[in-house]
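Q: This is the structure I have questions about; it appears just below.
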Amino acid sequence: MRNKVILVSSNQLGKGDEVLGETILETFFTILKQREEFPIAIFLHEQRCINND
């Protein structure tokens, strides 16, 4: 995992069931914290669509 960068662009992993996606993403970070090696950086970037109709 060393020398890796993680980009998170949503509050959930995957498309579909929002609660399931959020749970999977949370589990990913929980497991990541338990590793001996961490990524160089984690960027959180969430895009939102704005409709000006």
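Q: For segment 5-44, just say rounded, prolate or oblate: build the C-alpha gyration tensor, square-root its eigenvalues into a ≥ b ≥ c, call rounded for a/c under 1.5, and beyond that prolate if a/b exceeds b/c, oblate if not. Walk me through the numbers before you get to the answer.
A: Values: a/c = 3.84, a/b = 1.63, b/c = 2.35.
Note, shape of segment 5-44 comes out oblate.
Q: Mind checking which of G14, P39, T27 is farthest towards the positive end of segment 5-44's charge dipole, using Cβ charges of +1 (Lys, Arg) and -1 (Asp, Glu) about the Cα centre?
A: Selected residue: P39.
Q: Can you compute the charge dipole magnitude of segment 5-44 about its Cα centre, using +1 on each Lys and Arg Cβ and -1 on each Asp and Glu Cβ, nothing else charged? Give it in debye, rounded to the nearest 20. Don't skip to the end; give the middle numbers.
A: Details: 3 positive and 6 negative charges, 21 e Å.
With only Lys, Arg, Asp and Glu charged at Cβ, the dipole is about 100 debye.
Only the coordinates and a few stated rules stand behind these numbers; no lab work does. Since this is a predicted model, take the numbers as computed values, not measurements. Neighbour counts run over all protein chains shown; Cβ positions are idealised from the backbone, glycine included.
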